[in-house]
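Here the structure is laid out as structure tokens; the discussion comes afterwards.
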Amino acid sequence: MLNKYPVWKYILILLIVTIGGFYASPNIYGTDPALQVAAKSRKVVDSSTQQKVINVLDGAKIAYRKVVLDDKGLLVRFKDVEGQLTAMDKLREILGEDYTVAQNIAPAAPDWLASINAMPMYLGLDLRGGLHFLMEVDMETVLSQTRERFTNEFRSALRKEKVRAISILPKSEGVNLELKFRTEAERDKAEQAIRRDNTEFQYSTREDERAFSLMVTMTETALIELKKQALQQNVTTLRNRVNEIGVAEPVIQQQGDSRIVVQLPGIQDSARAKQILSATATLEFRMVDVDGNADSVVSGGRSPVGSRLYYERNGRPILLKKRVIITGDRITHATSGFDNDSGTPAVYVNLDGAGARSMQRTTKANLKKPMAVVFIEHKANVKVVNGKEVITQKKVEEVINVATIQGVFSRRFQISGLDNPKESQTLALLLRAGALSAPIRIIEERTIGPSLGQDNIDQGMKSVVVGMVLVIAFMVFWYRGFGLVANVALLLNLVLIVAVLSMLQATLTLPGIAGIVLTVGMAVDANVLIFERIREEIRVGNTPQASIHAGYEKALSTIADANITTLIAAVILYMFGTGPIKGFAITLSIGILTSMFTAIMGTRAIVNLFVSGRRIKTLSI
């Protein structure tokens, strides 16, 4: 029978629409400004912390919705942003440095929706307000430091082989060095010594009446990798800084081969953000005091002479010798990999000449004893004193790795005993951060106020509503009853777009709203093609039932062609575009896919419900 869907198709469509409705509904409830209270090492967030926070808020007469204790810490919901900011300053002052009090945004949807992971869409910087920084990594400094590093390494290698060079001259472009020797034999011996440990270079020779020269040039592949690592190190460092600020849905991403975009939605304090983002870090290698008892020192006992109490990242106390073996500026390079013998994750470290000598002396005297890596960070701490913000530097020290010395080593060694490859990659980045400083400078800074963000939301919503009203009015006027069916599909399409964006936890931006507006106009294109085809079939004398069937069947290929070409364009925009363009491409792609479902299957299901099994003489089209 024509124009009859099997029951399973109706069930499928109803199921998709129902699920879409559930996952789109959290956006109706919106979000609450909130504060997330989390404990740093050696502290916990429990019911006593919860009561303390409630007492502080009640005492300061700050209005709040509720204070919830969960596995992530303490979540305090507020009625407005003003109460959130006032409470943040107060709680930071009362709770002290053992707790992190971070701005957050909490969904206001009922708990039963959260239990099925139905969450509202994130709002981008242009809709919520916040800070935007475009930072540039000083690659010239990176290259300069790398040239200096290899100059020192080559000198050490030649000294070890007892080869005397007249000079080692770094060139200004790339990583190029010219080594000059008095004889050809000395040059050949030097080339063999340097080649053995440095495969990332190309080698060439030349001579004149005064000297025999060896030209050492870093390969293009190695240069790209060097810049990539410097950029990656800075991205990781900035991400750690942003986590310290406590921003919900921050954007920290590479742009091009030397720039980093940092977006902090909901943050308005530009001075504080810049202070924290520009904090510095270094490393120290120290021997572990295996004879002392760290727990007794924590309990109030005195530290052994020559030792000091530190804490690991998991909060466990540990005693380390006060004497520093080497600091991070002695590390020339660090990469993650796997131990050749055991196959476990490891980090391979290179030291400069002075660091190598110090490490060799220490490891020779301390075989089979543990050595620790201490990560030292200077963070900016902002306090309000007499109504003014005072920024002070705070030194934070924590042990990031403890490993047993398995043999005597100097310039090159590996750190093993790591749990997984991710830990080894993170440790390699931290080690590089202590040695290879890739300076960054802010070349663009924008502050978007929350009122402007709300204006963008209001205007975006207005454009969606106006576009939908015009399309709905046109469809009803031009296609009558079938136009109403198309309008139902259009509304369902908008619900499904919002549902998919919410399920993906995508960030909605102003260009994203533009993509939705465009989709609203495009969503009825398929129905226009179908309805016009039905009209043509009626004009040539076909029955209404046959016309409906032919209209949907014959228009399908045209609809597919039109939407697939638009989808290809959207995919290309996403692949090659940046920030705003990607947001536009995502919503456009989702809108194309959902509109094909609602315009073809959705409208066909509704039409079939009304015409299936009936004798129809005319159609309202």
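Where a number appears in this text, it was derived from the coordinates with a stated rule and is not lab data. These numbers come from a predicted model, not from an experiment. Ideal geometry is used to build each Cβ from the backbone, glycine not excepted, and the neighbour counts take in all protein chains shown.
Averaging 1/r across all pairs of distinct Cα atoms in region 139-223 and inverting the result yields a Kirkwood radius of 12.9 Å. Taking GluC sites (Glu not before Pro) in DSSP loop states with no more than 16 other Cβ atoms inside 10 Å as exposed sites, the chain has its longest site-free stretch at 210-621. The fewest-to-most ranking of 47, 303, 336 by surrounding Cβ atoms within 10 Å reads 47, 303, 336. Our coupling estimate for region 308-321, obtained by passing each phi through the Karplus curve with A = 6.51, B = -1.76, C = 1.60 and θ = phi - 60°, is 9, 7, 10, 10, 7, 5, 8, x, 6, x, 8, 9, 10, 5 Hz, Gly and Pro reported as x. Here the ratio of the Cα radius of gyration of region 471-586 to 2.2 N^0.38 Å is 1.25. Compute the long axis of helix 421-435 from its Cα atoms, compare it with the longest principal axis of the Cα atoms of the chain, and write down the angle in degrees, 0 to 90, nearest 10. The two axes meet at around 60 degrees.
Hey, what angle do you get for helix 7-24 against the long axis of the chain, alpha-carbon based, 0 to 90 degrees rounded to 10? Its long axis makes an angle of about 50 degrees.
The alpha-carbon atoms of the chain define a convex hull whose volume equals 225 cubic angstrom per residue. Taken over the Cα atoms of region 31-108, the convex hull encloses 77 Å³ per residue. Please determine, in degrees from 0 to 90 and to the nearest 10, the orientation of helix 139-160 with respect to the longest principal axis defined by the Cα atoms of the chain, where the helix direction is its Cα long axis. That helix lies at roughly 30 degrees to the long axis. Among 126, 352, 561, the ranking by other beta carbons within 10 Å of each residue's beta carbon, starting with the fewest, stands as 561, 352, 126. A Cα-only calculation for region 514-576 places Rg and Dmax at 15.0, 50 Å. Exposure proxy for 478, 8: other Cβ atoms within 10 Å of each Cβ, ordered fewest to most, give 8, 478. In the chain, helical runs assigned H by DSSP with n ≥ 4 each contribute -39500 (n - 2.57); averaged across all residues and rounded to the nearest 500, the mean residue ellipticity at 222 nm is -16500 deg cm²/dmol.
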